[in-house]
Amino acid sequence: MKHRPIPLATPPTDEAQRFSAIYQFYYQPLLLLGFLVCSWWTSNAGVLAMADWISGASETTRQIALLVTASAMGAQYALWHYAMRLIPRYVTYQARGIGVVVVAVLMVMLALSSTYTSFIGISQDSARGLELQGQADEYAAQARMLAPRAAAMEDAFFVIAPQAEAACARYEQELQTGAITGASGRGIVTGTLLGFCSGKTEIVRALEETIAANEARIGEISRLSLQLDQVIYDRDVSIGARELTFLALARRMDALLSELQNADRTRGLRAASASMAGSVAELENAGNGLAQAQARAIASIVQEERASGAAIAAMIVEIEALPLPEAGRATLKPAQVLVLEHWRLHLPQLAIALAIDLFAPLATLLFWAAAIKARARKVAIQSGEFS
């Protein structure tokens with residue numbers, strides 16, 4: 001008795017290929033054209049942003065940027081079309097490997113040209129604004145250094161000014177009456193007292209002049225720092241105009257900071273303090289040949305002047321320990337450099353550029369995957385006759 005043959009399993013219908021053909025015929029050209037236009041526009045804006053630094057984008061540059069960007073987009077579209085149509089037709093592994101290399105090259109081209117320039121075009125204004133804000137913060141930090149130093153100089157002035165008046169009054173008294181040496185007129189003691197008066201007066205004058213000059217500079221620097229912030233956040237003005245205004249204000253602040261550095265008088269204060277220390281030693285030696293009462297008076301003055309000199313030296317050390325603002329020079333960087341420096345703050349813009357430019361390569365891979373034909377597997381034994 002013969003048995004009917006067992007039928008083979010019916011190969012599955014290739015729905016993926018059918019839908020792939022529909023999408024490629026109806027949707028793919030329209031979508032790809034739309035994304036291509038978006039990529040071309042943003043890439044052109046990025047090319048112009050890179051060319052706009054310092055020299056500005058001339059009319060010739062704009063025409064070249066338009067031509068180059070359109071040519072690049074057209075070449076990429078042609079390669080996408082070739083890859084999408086030819087890769088599914090390849091049979092050998094070598095041919096398909098070449099097709100994969102083409103798709104990989106497409107993605108690298110997008111990353112280095114279209115996506116990169118699109119990203120710059122989308123985020124370059126924001127990156128330039130962030131750079132201005134960073135430089136303004138540096139100037140604000142420099143301005144904040146001025147207040148402690150000015151306060152320390154004022155404290156020193158309020159301490160040393162009365163000492164200078166007292167030293168000069170003691171000198172005049174000794175010069176007129178000879179209260180210490182017993183003889184009026186000039187001598188070794190009066191000369192030493194004159195040194196105390198002159199040294200402290202010089203220190204007071206230097207502090208007074210420095211405080212007055214720095215007060216005006218600090219006020220101007222604070223005003224410029226406020227103007228820098230106002231320029232950065234003035235959205236009614238283009239970023240290029242804001243950069244030019246920022247540079248003008250920054251140059252003025254750099255000049256003021258340089259003046260502050262050049263007007264620093266701490267070394268002169270230290271020299272005057274050292275000079276008074278020498279005068280103390282001379283006064284101590286001058287008291288050796290005097291009577292006991294006069295010697296005690298001179299010893300008291302010596303002790304007082306040593307304490308005063310130590311206090312003045314400590315104040316000078318405190319002033320020197322405070323940081324002095326350093327004059328710099330604000331610079332403008334190219335848009336592409338700023339975008340790379342601040343790229344972490346522009347991840348949404350980068351995602352937009354990638355979504356636009358990666359559509360065609362990813363679609364190519366999907367259509368290629370849909371064209372791969374599934375091999376039918378045997379699910380039953382070939383038909384045969386059984387007895």
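The values are calculated or read from the model by the stated rules, or taken from the named source; none is laboratory data. These numbers come from a predicted model, not from an experiment. Here Cβ is always computed from backbone atoms with ideal geometry, including for glycine, and neighbour counts include all displayed protein chains. Just the protein is used for accessible areas: all its heavy atoms, side chains included, with ligands, DNA and RNA removed. Shrake-Rupley method; radii C 1.70, N 1.55, O 1.52, S 1.80 Å.
Data table
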{"item": "Single match in Thr201, Thr210 (criterion: over 24 Å from Pro325 (Cα atoms) and assigned to a helix (DSSP H, G or I))", "result": "Thr201"}
{"item": "Number of positions in the range 105-129 that are open to solvent by less than 50 Å² (accessible area, probe 1.4 Å) and either at pLDDT 80 or above or small (Gly, Ala, Ser) (or both)", "result": "13"}
{"item": "Any chance Gln142 is within 30 Å of Ala335 (Cα to Cα) and out of contact with any Ser or Thr (no Cβ under 8 Å at 6 or more places or on another chain)", "result": "yes"}
{"item": "The range 143-166, subset open to solvent by 40 Å² or more (accessible area, probe 1.4 Å) and in contact (Cβ under 8 Å) with a residue 12 or more places away in the chain, residue farthest from Ala355 (Cα to Cα)", "result": "Gln163"}
{"item": "Selected residue (criterion: most open to solvent (accessible area, probe 1.4 Å)) from residues of the range 219-240 that are more than 12 Å from Ala143 (Cβ to Cβ) and among the small types (Gly, Ala, Ser)", "result": "Ser238"}
{"item": "Unique match (being surrounded by 14 or more Cβ atoms within 10 Å (Cβ to Cβ) and in contact with an Asp or Glu (Cβ under 8 Å, 6 or more places away or on another chain)) among Leu247, Leu269, Leu257", "result": "Leu257"}
{"item": "Residue among Thr190, Thr177, Thr201 that is closer than 24 Å to Ser300 by Cα, open to solvent by 60 Å² or more (accessible area, probe 1.4 Å) and among the hydroxyl-bearing types (Ser, Thr, Tyr)", "result": "Thr177"}
{"item": "Those residues of the range 151-175 which are at pLDDT 80 or above and over 21 Å from Gly309 (Cα atoms), in sequence order", "result": "Gln173"}
{"item": "Filter pass, Gln303 being under 30 Å from Phe35 (Cα atoms), in a helix (DSSP H, G or I), at pLDDT 70 or above and polar (S, T, N, Q)", "result": "no"}
{"item": "Subset tally (residues that are open to solvent by 50 Å² or more (accessible area, probe 1.4 Å) and either touching a residue at least 24 places away in the same chain (Cβ under 8 Å) or in contact with a Ser or Thr (Cβ under 8 Å, 6 or more places away or on another chain) (or both)) for the range 344-358", "result": "3"}
{"item": "Given (1) more than 23 Å from Gln303 (Cα to Cα); (2) in a helix (DSSP H, G or I), index of the condition Val91 fails", "result": "(2)"}
{"item": "Output for the range 321-330, where each listed residue is in a loop (DSSP other than H, G, I, E, B) and open to solvent by 70 Å² or more (accessible area, probe 1.4 Å)", "result": "Pro323, Glu326, Arg329"}
{"item": "Members of the range 60-88 that are modelled with pLDDT of 80 or more and either among the charged types (D, E, K, R) or in a loop (DSSP other than H, G, I, E, B) (or both)", "result": "Arg62"}
{"item": "Condition met for Ala136 (in contact (Cβ under 8 Å) with a residue 24 or more places away in the chain, open to solvent by less than 20 Å² (accessible area, probe 1.4 Å) and in contact with a Ser or Thr (Cβ under 8 Å, 6 or more places away or on another chain))", "result": "yes"}
{"item": "Members of the range 298-317 that are in contact with a helix residue (DSSP H, G or I) (Cβ under 8 Å, 6 or more places away or on another chain) and open to solvent by 60 Å² or more (accessible area, probe 1.4 Å)", "result": "Arg306"}
{"item": "Hits in the range 38-82 (condition: under 20 Å from Ala351 (Cβ atoms) and open to solvent by 80 Å² or more (accessible area, probe 1.4 Å))", "result": "Trp41"}
{"item": "Conditions (1) over 13 Å from the mean Cα position of the chain (by Cα); (2) acidic (Asp, Glu); (3) farther than 27 Å from Asp357 by Cα: number failed by Asp137", "result": "(1)"}
